[in-house]
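This report refers to the structure that appears directly beneath it.
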Amino acid sequence: MDLWKLLLDIVLLLTACLLFGGVAARLKQSPLIGYLLAGMLIGGPGSARLLRHEPEVEVIAELGVSLLLFSLGLEFSWRRLRGLGARLLSAGALQVVVTATLAAAVAGAVGLSAKSAIAVGAMLALSSTACVLRVLMDRAEVDSVHGRTAVAVLLVQDLAVVPLAILMNLLSASGDPWHTVAGVGRTVAMAAVLVAVLYVLLNILAVRALGRLTLERNRELTVLLAVVTGLASAWAAHAVGLSPALGAFGAGLFLGGSPFATLIRADVSSLRVVLLTLFFGAAGMAADPLWIGRHLLLVLGLSGTILAGKAGIIWGLGRLAGLTHAGAIAAGLSLGQIGEFAFVLGGMGVASGVVAADTYALVVSCAIVTLLVTPALVAAGPRLGRVVQQRLFRTPVAPGDFAGSAPPSAEVVLIGFGPAGRHVAAALQRGGVATTVIDLNERSRAAVEALGLVAHVGDATQADVLEHAHIDQARLVVITVPDRATALLTLAQVRHLAPHAYVITRSRYDLHRAEFEQAGAHEIVQDEQQAGEALARCVERRLADSARTDEDVQAGAD
């Protein structure tokens, strides 16, 4: 393989995704639709065939899903994952079983063999982690009721990839069953070893090593840690026969409880965006537009049936888990599509002869159609859920039906915890104001929490860090960072993410006042002015003391 030709393929695919994604955004649609169409039209069967290394591009694109799961693990941590509750996680497990069983029964009823029907059921049971999470994150709905439900179901589905892959191997196996059982036992044992190794490396060694660094001076080290951890955990899981995305998710969970979770998630975001874009482009490459055109009515009809069927199953299971009709419907519409792992399972089935080529082409075509409409369904889910609950079931929708359990937001976000920031934090603490503090120095975390304030270790010039601190809900933002360039970058992000917030910032020199005013600061406190006023007060006090001393001396002489 020519590395430079592979690089050209990657550039071509990214360029096509950029163009089609831009057109989709211009039409007020999700860019994901453009990425899928780009892959469908320039790569794969029935397309312009501009790419020459499609398998290699697809392998690289799979890393995007892994880094997405790594970021999600950083967001949740083990404690927050347990907070999803046994009912939601159990509903996710039931969804996989019920969907796979019903789909296999329908496939068998239309003439497929038993093995092929079971394989199709396994493929249809999974939803798209990459697509759904991307849309939920873009819409800031991960912490909503339907968002938490979707996340719980998706996590269980990702866990189910391993047993479903084993099931595909069993369907194609014709040898000694004990050999197959031994393989399953080996996979379970290797998974346990991987979890233990990740725990030691990440929860103990990596966190302690980072705690000894001055992060504001060694930012490249946290970037390297994010990339190495996300990619290496995915590789390790693949090496022991597990889903790479699951390995990356486990690594993210272990780091999610550390003080560096916010910083690491922001550092890996750029690479994640590139790899996820490649993934959706590669997913589009799996479809044949000519085949879809010849069987358009079949593809559209079956896609609609799958969307309605999966949404209905999740609706029912959501109700059993205690969700309202509105929340369960919104979750069901979010998860109605066929997921990316169906391509992997289907490829295994085709290679072993269990799944016919036409059957695989039909499932892939339906997957692309359902992925294309997913952004619109996720957006419409809450609104449609409210309508159904109010009109069909005559039940009012309460504010908490969609609000979720996001942590309370702060009234004030304080950026920087140096000497100036400490004075501001102490004043806010005395006033009993809910405050979140963002600082790059991990050693400041204990001091912030000792004041009863919320602390985030992160770089406030990055949007992900500010979003994690719920900057959009803050009434007041105080920037105490002394460096002019850093303060201006932070101010620009704050004005973009929280245009309503009142911003007070610090400037070391008077000559920079105009820059901060143009950037949108409401008040600017100048170090020069404050120092000059303090010096003037000292001089005045000294002169007054001297004058009183002279008067006392004169009075004594008299």
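The values are calculated or read from the model by the stated rules, or taken from the named source; none is laboratory data. Every value quoted in this text rests on a predicted model; they were computed, and no experiment measured them. With ideal geometry, Cβ positions are generated from the backbone for all residues, glycine too; neighbour counts draw on all protein chains shown. Calculation scope for accessible area: heavy atoms of the full protein, side chains included, ligands and nucleic acids excluded. Shrake-Rupley method; radii C 1.70, N 1.55, O 1.52, S 1.80 Å.
Remark: the range 1-151 carries a charge dipole of roughly 440 debye about the Cα centre, counting +1 on each Lys and Arg Cβ and -1 on each Asp and Glu Cβ. Farthest toward the positive end of the dipole of the chain, out of Leu297, Thr149, Val273, is the Cα of Leu297, where the dipole comes from beta carbon charges about the Cα centre. A cut-off of 5 Å between modelled amide H atoms, ignoring neighbours fewer than 5 places along the same chain, links Gly458 with Asp439, Leu440.
For Ser507, nonlocal amide neighbours, meaning residues 5 or more places apart or on other chains whose placed amide H falls under 5 Å from its own, are Val525, Gln526, Asp527. Put simply, the C-alpha atoms of the range 427-498 give a gyration tensor, and the ellipsoid matching it has half-axes of 19, 14, 11 Å, longest first. Computed over the chain, the convex hull of the alpha-carbon atoms projects to a mean area of 33.4 nm². How large, in percent, is the carbon and sulfur part of the accessible surface of the chain at a probe radius of 1.4 Å? Looking at the chain in its full context, I get 64 percent from C and S.
Rounded if a/c is under 1.5, else prolate if a/b is larger than b/c, else oblate: which is the range 222-377, with a ≥ b ≥ c the root eigenvalues of its Cα gyration tensor?
oblate
The sum of -39500 (n - 2.57) across all DSSP H runs of n ≥ 4, divided by the residue count of the chain, sets its helix-only mean residue ellipticity at 222 nm to -23000 deg cm²/dmol. Once the Cα atoms are used to define both axes, helix 325-334 deviates from the longest principal axis of the chain by about 70 degrees. Below 12 angstrom from the Cβ of Ser128, what's the summed charge of the other residues (Lys, Arg +1; Asp, Glu -1)? Net charge around Ser128: 0.
Relative contact order of the chain, taken over Cα pairs closer than 8 Å and 6 or more residues apart, is 18 percent.
For the range 202-340, the dipole from Cβ point charges (+1 on Lys and Arg, -1 on Asp and Glu) about the Cα centre works out to 240 debye, to the nearest 20. Computed from Cα positions, the angle between helix 244-256 and the longest principal axis of the chain comes to roughly 20 degrees.
Against the chain, whose longest principal axis comes from its Cα atoms, helix 31-42 is set at around 50 degrees. Since only Tyr199, Ala426, Val106 are under comparison, the one whose Cα sits farthest along the positive direction of the charge dipole of the chain, derived from C-beta charges on Lys, Arg, Asp and Glu, is Val106. Counting only protein heavy atoms and a 1.4 Å probe, the range 378-533 has 50 square angstrom of accessible area per residue.
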